[in-house]
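This report refers to the structure that appears directly beneath it.
The values are calculated or read from the model by the stated rules, or taken from the named source; none is laboratory data. Not measured: the values here are computed from a predicted model. Don't worry about glycine lacking a Cβ; one is built from the backbone with ideal geometry, like all the others, and counts go over all protein chains shown. The accessibility values were calculated without ligands, DNA or RNA, using every heavy atom of the protein model including side chains. Shrake-Rupley method; radii C 1.70, N 1.55, O 1.52, S 1.80 Å.
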Amino acid sequence: MLGRTLCEVSTALKQGQITPTELCRKCLSLIQKTKFLNAYITVSEEVALKQAEESEKRYKKGQSLGDLDGIPIAVKDNFSTSGIETTCASNMLKGYIPPYNATVVQKLLDQGALLMGKTNLDEFAMGSGSTDGVFGPVKNPWSYSKQYREKKQQNPHGESEDSNWLITGGSSGGSAAAVSAFTCFAALGSDTGGSTRNPAAHCGLVGFKPSYGLVSRHGLIPLVNSMDVPGILTRYVDDTAIVLGILAGHDPKDSTTVQDPVKSFVLPNLIDVSKLCIGIPKEYLVPELSSEVRSLWSKAADLFDSEGAKVIEVSLPHTCYSIVCYHVLCTSEVASNMARFDGLEYGHRCDINVSTEAMYAATRREGFNDVVRGRILSGNFFLLKENYENYFIKAQKVRRLIANDFVNVFNSGVDVLLTPTTLHEAVPYLEFIKEDNRTRSAQDDIFTQAVNMAGLPAVNVPMALSSQGLPIGLQFIGRAFCDQQLLSVAKWFEKQVQFPVIQLQQLMDNCSLSLENEKLASVSLKQR
């Protein structure tokens, strides 16, 4: 049941094959078993069971609220949830309980979804590994999959089993791990420079970033207001479309959402690919791209070509400036947004009371980690009066050129762009932390951040397993507000490639063993 699509589970609930409470308990039991993945920061067991009970009453009366009624979901811990702690994986917000729900959370609850808990992330969503939050790193469920374990046994490297687990990607790694390990059917992430698509690629999931302005940001604790969007993580493209249909639309509490009424996002079962023009951006063929990703990218292009689609090479000439431009704009907005955490209104407050300035300084030193402080410093540097024109304004102009590159390509008749999502498959944690957060983010956001600057929809679709038995995904980029067309192409591609289901039986059997090892690891974490 847990591996089925939303539609199938919804039908099973309507037919009484399973009750919402049974489904909820199954997921809660799996959350418990997979605790060592560190996917969840808060598990809202009581809330979920109460919601399941309400859902059950509706089903008995034949008054289900829709496809999500009674379906377990998870939410990244940077979305406000009324009465449930929301931490952004930071000391700054430990113990902060919002008095309201984010609009997207409210919309899911209004449809009867069951909130299983809040998922782990990089602190304030700044990172691409889900390794830098105050609650520790998230482990990729594929580290424990039969597919990866079998390949590892063929090429043993002598590392101990425990230290060699893989990262999930980030910053929405907790949400990705939660869906990948079958503890929920869909999860909310956020996407500022690739934070939903990157972990989706590493965890073998569909990771969708909607057009900017299609889905409300109200209640999403902001990182970069002009680029943040709520993201959706599911196992199937159809599931993403169902969730998007519920989330999309104008919100009076978010002035950046579109006023136009939103059409349904139901995807056709058959699309005529021969009418499509697929663009392959030549600038995305970078030397750092792994040979396996390159080969699958090429195979995907051939697949469209063989079905009659027009596949052409296109140019996005300002791509080489995009990561630097993104860094300037991202850190500048971060510096501005983080000013609200001053120890006065909510969140952490230090004990120093010598002066207001000393209290501010100590609060922020204790509350933020090095990564967040580093980005605030960079941003404040770019916003200094003497630097503002040369950095911030110049980056805004380059951002416009980058957005125009996409406009020109789509105006030339291209329907969808096909690119890699990541440079390579997931890497072991010990390898990942050899580089600092900023270097890693610059590498990992290379194919994803330009889309955020242009406000376009993009989706990661898992394509195949690497020679190591790990997922590799590709990214489809659509025209602004053509989210349905983009998902229709993604659905066709998903059907063609038949990505294998993660086999986690061993993980379930080994849980007790891993939990023992985990206790030792968590002791050393606490001592730090």
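Of note:
- CD proxy at 222 nm, helix term only [per DSSP H run n ≥ 4: -39500 (n - 2.57); per residue of the chain; nearest 500]: -12500 deg cm²/dmol
- Mean Cβ neighbour count within 10 Å, used as a protection proxy, ranking 203-211, 131-139, 251-259, 217-225 highest first: 203-211, 131-139, 217-225, 251-259
- Point-to-point label distance, VAL497-LYS434, nm (Cα→Cβ direction, 7 Å offset): 2.7 nm
- Surface share of carbon and sulfur [accessible, 1.4 angstrom probe, percent] for the chain: 51 percent
- The packing ranking, built from the mean of other Cβ atoms within 10 Å per residue, places the peptides 176-183, 418-425, 52-59 in the order 176-183, 418-425, 52-59, highest first.
- Cβ crowding within 10 Å averaged over residues, with 142-150, 281-289, 298-306 ranked highest first: 142-150, 298-306, 281-289
- The Cα trace of segment 196-328 gives Rg and Dmax of 17.5, 47 Å, the first to one decimal, the second as a whole number.
- Annotation: for a label point projected 7 angstrom from Cα along Cα→Cβ of SER298, residues of segment 406-427 with backbone N closer than 19 Å are 418-425.
- The residues ARG365, ARG373, ARG235, sorted by heavy-atom accessible surface at 1.4 Å with ligands and nucleic acids left out, run ARG365, ARG373, ARG235 from largest to smallest.
- Under-5 Å amide H pairs with ILE41, H placed in peptide plane, nonlocal only: LYS118, THR119, ASN120
- Model label points for GLU8 and ARG400, set 7 angstrom from Cα along the Cα-to-Cβ axis, are 5.0 nm apart.
- Fraction of beta bridges assigned by DSSP in segment 42-186 that are antiparallel (%, nearest 5): 40 percent
- With a cut-off of 12 Å between beta carbons, the residues surrounding TYR236 carry a summed charge of 0, where Lys and Arg count +1 and Asp and Glu -1.
- Of the GluC sites (Glu not before Pro) in segment 340-421, those whose Cβ has at most 14 other Cβ within 10 Å and which sit in DSSP loop: GLU345, GLU386
- Options GLY219, SER175, PRO457, ranked by Cα towards positive dipole end of the chain, top entry (Cβ charges): GLY219
- Within the chain, antiparallel bridges make up roughly 70 percent of the DSSP beta bridges whose residues both belong there.
- In Hz, Karplus ³J(HN,Hα) per residue of segment 61-77 (6.51, -1.76, 1.60; θ = phi - 60°; x = Gly, Pro): 8, x, 10, 4, 7, x, 5, 9, 5, x, 9, x, 10, 10, 10, 4, 7
- Per residue, the solvent-accessible area of the chain (1.4 Å probe, heavy atoms of protein chains only, all protein chains present) comes to 41 Å².
- Dipole magnitude of the chain about its Cα centre (Cβ charges: Lys, Arg +1; Asp, Glu -1), debye to nearest 20: 400 debye
- Listed candidates [x] 0.93; [y] 1.08; [z] 1.25 - label of the one calculated as Cα Rg over 2.2 N^0.38 Å: [x]
- Distance from segment 280-298 to segment 16-59 (C-alpha centre basis), Å: 41 Å
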